[in-house]
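First the structure, in the form of structure tokens, and then the observations on it.
The values are calculated or read from the model by the stated rules, or taken from the named source; none is laboratory data. Just so we're clear, the structure is a prediction, and the values are computed from it rather than from any experiment. All Cβ positions, glycine included, derive from the backbone under ideal geometry; neighbour counts span all protein chains shown. In case anyone asks, the SASA skips ligands and DNA or RNA and just uses the protein heavy atoms, side chains included. Shrake-Rupley method; radii C 1.70, N 1.55, O 1.52, S 1.80 Å.
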Amino acid sequence: MKLKIGILEILVILSIVVTAGVLGYNFLGSNTAKYDFSGEEMYKCAWVSDNIIKKGFILNAEVEGEWTADKSPFKDTIRVIGAKGGTLKVAYNNKEYELGGRLASKEDIAIKYIKLVPSGNSMITYRLDELQAESFADLKSKIEQETSIEGLNPKYIIVKGSIASDGNTLLPTTQQQIRNVFKYDELMPVFNILLNGTTMIGDFEISHFESLDEILKPNNVLTSDLKVSVVYEETNSELAEKIGENSKLKVSSWK
């Protein structure tokens, strides 16, 4: 038996197909624009988190779930410091925890809902020649001067490279003090201990530099060439307007 389909039926079918396609496109498009996930989407959440962190942005997250130890509820904002597979490594109340999906048992917290909230919206990257300073506070001031743009206030600044300081040889406990200062930064500082000073290698948020003066009490500081990432609340287009379309500064976003 042959089925005959008239022009009206064809138009109806096409209308249904097109409508379904539009709805599907909107659904997928809206999902890719969002940064909130259910506990069943942890692999996707971890992948997105890893990409944001690798771009150099500090990543926070609003989390709702439960502690796997006693099933008590958890709802708070945490800092994501690492992501792999379907698991997030986070900092909360100055301790490290692991977050998994809704059915997590090995991790510390099972997630029902999570929203990623990167700190800042855009970043300008600089390459600075070596800098010499009298102290870490002085070094911080010089980096801020080198990267200052009129009318813009950075949210935070991260430098990557090596920093040498003249002063007392670091005891193991002093080294640990410094590691504790930077423990949630991207890289743990690597130490080259010398007779009368030290060199640290890694990624450093410069808001911590005053703490280094208190611990090391240096009398001279010298850096390698530095990669400096300055993060702003402004969007890429707002930054472009401030710095000018012909600027050679590299502007990027976590999105």
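Using a probe radius of 1.4 angstrom, the carbon and sulfur fraction of the accessible surface of segment 34-117 is 48%. Here the 3J(HN,Hα) profile of segment 227-237, calculated from phi with Karplus coefficients 6.51, -1.76 and 1.60 at θ = phi - 60°, is 9, 10, 10, 10, 9, 10, 6, 5, 7, 4, 5 Hz, Gly and Pro shown as x. Residue by residue, segment 57-64 carries 3J(HN,Hα) couplings of 8, 6, 10, 9, 8, 8, 10, 10 Hz when phi is fed to the Karplus relation 6.51 cos²θ - 1.76 cosθ + 1.60 (θ = phi - 60°); x denotes Gly or Pro. Counted by Cβ distance under 15 Å from S122, the other residues give a net charge of +1, where Lys and Arg count +1 and Asp and Glu count -1.
How high is the FRET efficiency between E134 and N51 when r is their beta carbon distance and R₀ equals 25 Å, given to the nearest 0.05?
For E134 and N51, the calculated efficiency is 0.05.
Here the Karplus curve 6.51 cos²θ - 1.76 cosθ + 1.60, taken at θ = phi - 60°, turns the phi angles of segment 67-80 into couplings of 5, 6, 5, 10, 6, 6, x, 10, 8, 5, 9, 10, 10, 8 Hz, with x standing for Gly and Pro. The length gained by stretching the chain between E214 and K75 to full extension, at 0.36 nm per residue less their Cα-Cα distance, is 46.5 nm.
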